[in-house]
Each structure stands twice: as structure tokens, then as C-alpha cells.
Amino acid sequence: MDSSTFDRLVKETKGWVFATAYHILRSRAEAEDVMQETFLALYTHYDTLDSKEAVYRWLKTVAVNKSLNAAQRNIFVELEDFVAERVFSTPDDGGERSVYADQMMERLQEGLDRLSPEHRAILLMREIEGLSYEDIAGKMKCGIGTVMSRLFYARQNIRKFLERKNR
Amino acid sequence: MNDPMKEKIAAQEREFAPFADLLKRKFETDAARSPEVDIAAIMAGTLKKRAPQRRRLLFRPALVVTLLLLLTAAAALLYRPAVAPEALPPLPRLTFDDAERLINANKLEKVTILYQSGRADIQTDAPVPMVWVRKGEN
């Protein structure tokens, strides 16, 4: 693959790949690692993908799988990232967003932190990607019933958490 | 899947719509704040884990030392003897004759005889904690 094609592909998809990894992992450092690894994998597998749609589909699947694999890494990494993010992180520049929106985003983040990586991955595929239960089951290699029960649990928990916080 | 379950899930999906919208907005915000991809390193085949690697170098030794200290403290608490040995007074040792005299004088309330490597130890609780004699002498 030539440099300009790869550069363009990265620019078009890096936000989505990063946000996917961050949504599942809840750690910017780990998400950044997954993003780099995903694009490295894309660079080596690009020739096997025959269309732009195939590249996007492949990227989405690989980003989710790599994030779920990264979530299973050892406790040292999680502890280190927890310490690094909570103690040493600097607040991002949020621009002109309202205080209320910031609060809601923060609460949503807290709510997501309470879910397992698998629950977050299913929530992402259904609510953000809009995939069908069958497609999610295929990607997660589990039954449709499992997808539905996990989705039910994830939604219920997020909703209850946000409602409790907003009281 | 049965109908009541389907309805329950559909109802939940409808009620979750505002939260799903919030999720989408958060996702877009995260996507807008994505870091740069190291395209040059990927194409050159020299990509290494970056930010976490640096942090791991900083935190791993500290984390390992802290965990070791915690484990040592926990082990010390678990295996600590009920009473520290150095707090006990040294046990007096008597010859068989002295021990016999004390026993005959009813000054020993309880006598326990222990055999250890060719010797017989007599252990008492009052007034002398322990006496010892040669094996066969008693």
C-alpha cells in the first residue's frame, strides 16, 4: 500500500478506531496502543481486503477484538494505567461545551466504567454501530440470547446509574 | 424468543434512546480527541508501544515493591506467633533428683513427660515449668 493511501485511510478512521478502543478499555493509554496495533495490522493485511467497505468492516472488527484482548491483560497494566490516568492526567481541552454536558459525559463515563469490557463492546455495536443482534452474536462468537441479556443488563445499569446520579 | 421477552427488550430500547444519544455524543467527542497514529513507524516496521511503555517503566518497579511490602506485612501478620518467644522467661532445668524431690513434696501440680532423642523431658506448669532427666533414670 502506498503512503498516501494509508495516510488517507488513517485520517478517515483513526477517530472511530480510537473511540471504539477507549469505549471498551476506558484507558486512553491502552486505547492508543490498540489504535496503533490496529493500523499496523491493517498495513500488513491491506492487500487481502478488496474494497473500501471491506477495509472499514475489517477495521471495526479488529478494533473491537484487539480491545477485548487488551482488556484481558494482566492486572499490572490496569493498575498502572489507573494510577497514571487518575493521578497524572491533565484535563482535555473541551472547547465551548456546557457545564451540564460535561457533567453528563463524566457521569456516563463513570457508568461505563462499571460495566465489563464485553458489555461495553456489545453496547457499542448495538447503540453506536447499529448492528443487528445476529451480527453482534457473530462478532462476539456467542448466542443471540447472550447478546440480548448482556445488552439488557448494560442498558439497565447505565440508565439506573445516570438516573441515580441526576437526582 | 417469546413475545413478552421481545416486547420487554423493545420497550427498553425505546426508553434507552436518550441515553443512546448521549453515548453517541460521547463516542464522537472521544473520536475527535484521538491521538495521532505513528504512520511512519508503522510503514517502517518499527512501531513500539509508546505512552504505556514509558509509564510501565516508571510504575512497574514501584508497584512491585509496594505489592511485595504488602505481601510481607500480610504474611508477618498471619504467621506471627501468639506470644513472642523473647517475651517468655527462660525455662529452668532441674536434675532428676531435684524434680523427684519437688514431686514428692507435692510442689508440682502436673507433670508431663516428653521423650526426645535419648532424653526424657518432664514439663510442668507449676511451680517449675520444666525439668529434664536422662532416659531410664525415672
Pair list, Cβ under 8 Å, 6 or more apart: region B:11-23 residue facing chain A (nearest Cβ under 7 Å), other residue in a helix (DSSP H, G or I) and among the charged types (D, E, K, R): B:12/A:155; B:16/A:127; B:16/A:155; B:16/A:159; B:19/A:155; B:19/A:159; B:20/A:127; B:23/A:127
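Residue-wise test of (1) β-branched (Val, Ile, Thr); (2) in contact with a Gly (Cβ under 6 Å, 6 or more places away or on another chain); (3) at pLDDT 85 or above.
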| site | (1), (2), (3) |
| --- | --- |
| A:15 | no, no, yes |
| A:49 | no, no, yes |
| A:56 | no, no, yes |
| A:69 | no, no, yes |
| A:90 | yes, no, no |
| A:94 | no, no, no |
Residues that are at pLDDT below 60 and either more than 14 Å from chain A (Cβ to nearest Cβ) or loosely packed, with under 14 Cβ neighbours inside 10 Å (or both): list the helices (runs of 4 or more DSSP H) wholly contained in region B:38-112 that include at least 2 such residues. B:51-79
Might you let me know whether region A:14-36 holds any residue that is in the same structural domain as residue A:69 (by TED's automatic domain parsing), of a type in the set (S, T, N, Q) and surrounded by fewer than 22 Cβ atoms within 10 Å (Cβ to Cβ)? no
Could you tell me which of the residues A:9, A:40 is surrounded by fewer than 24 Cβ atoms within 10 Å (Cβ to Cβ), farther than 21 Å from residue B:28 by Cβ and either of a type outside the set (Phe, Trp, Tyr) or within 11 Å of another protein chain (Cβ to nearest Cβ) (or both)? A:40
Cβ pairs under 8 Å, 6+ apart or interchain, first in region A:56-70 and farther than 20 Å from residue A:116 by Cβ, second surrounded by fewer than 18 Cβ atoms within 10 Å (Cβ to Cβ) and among the hydrophobic types (A, V, I, L, M, F, W, C), ordered by first then second residue, are A:58/A:49; A:62/A:41
Of the candidates A:102, A:135, A:113, A:81, the one satisfying the condition of being modelled with pLDDT under 65 and either exposed (fewer than 14 other Cβ atoms within 10 Å of the Cβ) or not hydroxyl-bearing (Ser, Thr, Tyr) (or both) is A:81
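The values are calculated or read from the model by the stated rules, or taken from the named source; none is laboratory data. Quick caveat: nothing in here was measured; it's all calculated off a predicted structure. Cβ atoms come from the backbone with ideal geometry, glycine included; neighbour counts cover every protein chain shown.
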